[in-house]
Amino acid sequence: MKTAIIGAGNMGGSIARGLAKGTIIPASDIIVSNPTQGKLDALKAEFPALQTTCDNQEAVTGAELIILAVKPWLIKPVVSELKLKSKQILISVAAGIPFEELAHYVADKEMTMFRLIPNTAISEMESMTLIASRNASKEQEQLLLDIFNQMGLAMLIPEDKIAATTAMTSCGIAYVLKYIQAAMQAGIELGVYPKDGMRMIAQSVKGAAELILNNDTHPGIEIDKVCTPGGITIKGINELEHQGFSSAIINAIKASK
């Protein structure tokens, strides 16, 4: 399945690496286009079988999947210049560009399209990837789920939920990182070396996520397991609530929508 990726920046490059590491699309079937050569050379050095070009039309010709990994303001000029076939599947990673707008830039307004919202952990094959579809079959939707589940966890959502779920996942990863940073600062004040504290907190966050994902449990249940009556954890939990921790997270996600 020939797959073209337009853009070799942070997201395009990460998707290319993830696809090449996966089992569904061979690296030899992936072609990446970028206006400058440097990032293409870096990809080629990692995955010699992967194809590269500076010509977007060359990349998409004959491709079954076309992944647009360019900034939102570049979508119109980039897509408008492409000669696309109706049977091709167009996948946009650009935030804030709805299907209705994207359809104006292609000849066949009814071609199959997907909107894809990964987060930066895709570079570690641990992304939470949101997928919305337009004019797609169940088989095509399953194909996208299969591809991006190899790079973390993928979920199909309706397009009208993209803004809310992007705030929770794509923006939300920054809020998790902010917690790690704040916990590190507390550790430094308590005499823990920054590098040691960072690893401790990062592993604790990873462990908390695995508890939820692997056991189909609820955060409240897992918190209760840690909070011994009269113990130190419940004192910290109550202080978080006194300081507005939950409200701050809720407001941050709502502000990002």
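Structure notes:
- Here the range 1-47 and the range 130-209 have alpha carbon centers that stand 22 Å from each other.
- Rolling a 1.4 Å probe over the protein chains gives Ile232 an accessible area of about 140 Å².
- Residue-normalised accessible area of the chain, expressed per residue, 1.4 Å probe, Å²: 56
- For the chain, the longest principal axis of the alpha carbon atoms and the long axis of helix 232-242 meet at an angle near 70°.
- Separation of the alpha carbons by more than 31 angstrom is noted, of Lys87/Lys206; Lys178/Lys225; Lys109/Lys257, for Lys87/Lys206.
- Label-point separation in nm, Glu81 to Glu101, each point 7 Å along Cα→Cβ: 2.0
- C-alpha long axis of helix 172-189 to longest principal axis of the chain, angle in °: 40
- Peptides 70-79, 215-224, 84-93 ranked from most to least packed give 84-93, 70-79, 215-224, packing being the mean of other C-beta atoms within 10 angstrom over each peptide's residues.
- The chain: proportion of alpha-carbon pairs further apart than 35 angstrom, %: 26
- Axis of helix 10-21 versus longest Cα principal axis of the chain: the two differ by about 80°, to the nearest ten degrees.
- Accessible surface for Tyr179 stands near 110 Å², nearest 10, in the context of the full protein assembly shown (1.4 Å probe).
- If R0 equals 45 Å, the separation of the Cβ atoms of Thr233 and Thr23 corresponds to a calculated FRET efficiency of about 0.60.
- Cβ-Cβ FRET estimate between Thr61 and Ser256, R0 fixed at 51 Å, reported to 0.05: 0.85
- Taking only protein heavy atoms and a 1.4 Å probe, the accessible area of the range 165-255 is 63% carbon and sulfur.
- When the Cα positions of Ala186, Gly244, Ala94 are compared along the charge dipole of the chain, Ala94 comes out farthest toward the positive end, with charges on each C-beta of Lys, Arg, Asp and Glu.
- Each principal axis of the Cα atoms in the range 1-125 has its own extent, and those three values, largest first, are 37, 28, 28 angstrom.
- Modelled spin labels at Cys54 and Tyr193, positioned 7 Å past Cα toward Cβ, are 4.6 nm from each other.
- The accessible area of Asp55, taken with all protein chains in place and a 1.4 Å probe, comes to roughly 70 Å².
- Accessible-area composition of the range 3-157, carbon plus sulfur, in percent [1.4 Å probe]: 54
- Extension gain for the segment Ala186 to Ile249, taken as residue separation times 0.36 nm less the Cα-Cα distance, is 20.8 nm to one decimal.
- Pairwise FRET efficiency - Ala45 versus Gln203, Cβ, R0 = 41 Å, nearest 0.05: 0.85
The values are calculated or read from the model by the stated rules, or taken from the named source; none is laboratory data. Please read all numbers here as calculations on a predicted model, not as lab measurements. When we count neighbours, we look across all protein chains shown, and the Cβ atoms used for this are built from the backbone with ideal geometry, even at glycine. All accessible areas refer to the heavy atoms of the entire protein, side chains included, with ligands and DNA or RNA removed. Shrake-Rupley method; radii C 1.70, N 1.55, O 1.52, S 1.80 Å.
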